[in-house]
Amino acid sequence: MSGAINITTKILEMVDTCRNEVMIAIPEAGEELVKQALPKLRSLHDKGVKITILTSDKIDKESVKAIKRVATVKIKKGLFGGGIISDKKYVVILLGPETTGEGSSDIVAIWADHAGLAGFARQYFEYLLKDSKEV
């Protein structure tokens, strides 16, 4: 997948359809997405969905304060990648900007509904959580 709008649409769709658990890694560049997703995260929280968010130590304090109301939030110094795992079976992995020529760039991501890839992503997410600090 490429393009911020396409990726945001897919992530928000995953959040909409989540029933049990969502795990989100948000790099520094993900702050705007947090603001867009907050109403949906509140809705999931109200339905009893377990929400875990891992973010970098550079995310602004207001974003952390907002998401802490609806999710377990952990900070990982130097976090640079991001993604989302929904219900242990859907995954979006953010790969970062892709140079598209003439100095412009576009965000690129991988989306899958493959249980193996989602399982691998979940294991890596849990590995990162081990050295993160809870807010």
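The values are calculated or read from the model by the stated rules, or taken from the named source; none is laboratory data. Since this is a predicted model, take the numbers as computed values, not measurements. All Cβ positions, glycine included, derive from the backbone under ideal geometry; neighbour counts span all protein chains shown.
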(request) Identify, from the list Lys68, Lys35, Lys61, the residue that is closer than 25 Å to Gln123 by Cα and among the charged types (D, E, K, R). (result) Lys68
(message) Being free of Cβ contacts under 8 Å to residues at least 60 places away in the same chain and of a type in the set (Ser, Thr, Tyr) is true for just one of Ser56, Ser132. Which residue is that?
(response) Ser56
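Kindly evaluate Phe125 against the criterion of being of a type outside the set (S, T, N, Q), touching a helix residue (DSSP H, G or I) at 6+ places or on another chain (Cβ under 9 Å) and surrounded by fewer than 19 Cβ atoms within 10 Å (Cβ to Cβ).
Here the answer is no, as Phe125 does not meet what is asked.
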(request) Can you work out which of the residues in the stretch 40-59 that are more than 19 Å from Lys133 (Cα to Cα) and at pLDDT 90 or above is surrounded by the most Cβ atoms within 10 Å (Cβ to Cβ)? (result) Leu44
(request) Pick out, from the stretch 64-106, the strands (runs of 3 or more DSSP E) lying fully within it that include 1 or more residues that are at pLDDT below 90, of a type outside the set (D, E, K, R) and surrounded by fewer than 17 Cβ atoms within 10 Å (Cβ to Cβ). (result) 90-101
